[in-house]
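Please read the structure below before turning to the comments.
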Amino acid sequence: MSENRYINLVETSLEVIRNSHVPLRSSKYSNKKYTQHQLLTLIILKEEIRMNYRDFSELLHILTPIREILRLKDIPHFTTIQKFLSRIPALTFRIILKKVIRNIHQKGEIIRITSIDSTGFTSSYASHYYSKRINKTRKSFIKASIAVDSDKLIVLGWKFSKVPVHDSQHAKSLMNQVIRITKSECFTMDKGYDSEKIHQYIREIIGAESVIPVRKWDGKIYSGKYRREMIENFNQQKYGQRNMVETVFSVIKRRYGENVRSRKYYNQLKEIKIRMVLHNMTL
């Protein structure tokens, strides 16, 4: 293994992409000059370096060891890399995430505590006309919810929305992503996810423990078997592990920023997904 972290990242990314069974070509009619493996690895490296497409393409001219690993005979134009991000299916990143998780978790390993929470990412892109007209840049907001292994601090699943939604609307999708990969003994979330239906899903369908504090409203009678249990016998020690999901968000934003560069919404989501995959790969 090389002592250079960028070379290690490229080698690891290429191996994960190959083992995820991402096809070399998107179709028999696709451009034969570059493979999907090469371009996807370059996009991952670009996100790690935190450069725009044009500057990254220029940088590749002096990154001879990386070009050799990828077997690049020439340098892709920056628009080639940019357009590839738009073309690649969003599902590809979930497949890669699953492969990275399975590389970290031993076969049959059970997660002790899964923590779920949400945060926001922003995009400062606005058209020149719009910015000039109102004399400021409009920021769009992306709500990102993730499930995290509280012991290993790895991202297990993600869910996004373009508009503000209640936290509980993302919970079921996140839990389903986790149990498709492995078992979890416990799911913990903050009071924004307080819902008897979520408790029932975790306890009765998944067969795990749920630790979610009850929102307190003066004079309200708390309904539901599991919500009453939270009031009478709340496991504060397990709930304390929920902070680990906030730690993961903090690490990702500190390394890669909370602002995304792409103009299109679905490309913005792909950027965020790449950052989360990178977080898992570089632990």
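Read the figures in this text as sums done on the coordinates, not as results from a lab. Since this is a predicted model, take the numbers as computed values, not measurements. FYI the Cβ positions are ideal-geometry reconstructions off the backbone, even for glycines, and counts take in every protein chain you see.
The trypsin sites (Lys or Arg not before Pro) of the range 186-283 that meet both conditions, a loop assignment by DSSP and at most 15 other Cβ atoms within 10 Å of the site Cβ, are Arg215, Lys216, Lys220, Arg263, Lys264.
The long axis of helix 243-256 is offset from the longest Cα principal axis of the chain by roughly 20 degrees. Computed extension length for Ser168-Asn103: 20.4 nm, one decimal, from 0.36 nm per residue of separation with the Cα-Cα distance subtracted.
Under the combined filter of DSSP loop state and at most 10 neighbouring Cβ atoms within 10 Å, the range 154-225 retains these chymotrypsin sites (Phe, Trp or Tyr not before Pro): Trp217. Treating r as the C-beta distance of Asn235 and Lys32 and R0 as 41 Å, the FRET efficiency rounds to 0.10. Choose one answer from Leu70, Leu40, Leu91: the residue with the largest mean-square fluctuation in a GNM of the chain with alpha-carbon springs under 10 Å. Fluctuation is largest for Leu91.
How high is the relative contact order of the range 1-106, in percent, with contacts defined as C-alpha pairs under 8 Å that are six or more residues apart?
Relative CO of the range 1-106 lands at 31 percent.
Between His21 and Lys183, what's the calculated FRET efficiency when r is the beta-carbon distance and R0 is 22 Å? Round to 0.05. Step by step, r from the Cβ atoms, then E = 0.35.
Which value, in debye to the nearest 20, gives the size of the charge dipole of the range 159-222 about its Cα centre, when Lys and Arg are +1 and Asp and Glu are -1 at the Cβ? Taking the Cα centre of the range 159-222 as origin, the dipole is about 220 debye. Projected label points at Arg50 and Arg215, each 7 Å from Cα along the beta carbon direction, are separated by 3.5 nanometres. Using a cut-off of 28 Å between Cα atoms, the listed pairs Lys152/Lys216; Lys107/Lys253; Lys46/Lys98; Lys98/Lys238; Lys46/Lys73; Lys162/Lys183 include Lys152/Lys216; Lys107/Lys253; Lys162/Lys183 as exceeding that distance. Working note: Cα gyration tensor of the range 107-260, eigenvalues times five, square-rooted, sorted largest first, giving semi-axes of 32, 20, 13 Å. Axis angle, to the nearest 10 degrees, between helix 78-87 and the longest C-alpha principal axis of the chain: 40 degrees.
Would you look at the GNM of the chain, springs on alpha carbons closer than 10 Å, and say which of Thr247, Thr64, Thr122 moves the most? Residue with maximal mean-square fluctuation among Thr247, Thr64, Thr122: Thr64. Overall dimensions of the range 25-118, expressed as equivalent-ellipsoid semi-axes from the Cα gyration tensor (√(5λ), whole Å, largest first), are 30, 16, 14.
The aspartates and glutamates within cross-link reach of Lys270, meaning a Cα-to-Cα straight distance under 19 Å and a gap of 8 or more places when in the same chain, are Glu47, Glu48, Glu258.
Using only Cα atoms, locate the centre of the range 55-69 and the centre of the range 10-46, then give the distance between them in Å, rounded to an integer. So the separation of the two Cα centres works out to 16 Å. Here the contact order of the chain, divided by its residue count and restricted to Cα pairs under 8 Å and six or more residues apart, works out to 20 percent. In plain terms, the residue of Glu58, Glu47, Glu209 with the fewest other Cβ atoms within 10 Å comes first and the most crowded comes last, giving Glu58, Glu209, Glu47.
In the chain, the inverse of the mean reciprocal separation of distinct Cα atoms equals 20.6 Å; this is its Kirkwood hydrodynamic radius.
Listing Asp117, Asp194, Asp74 from fewest to most neighbouring C-beta atoms within 10 Å gives Asp74, Asp194, Asp117.
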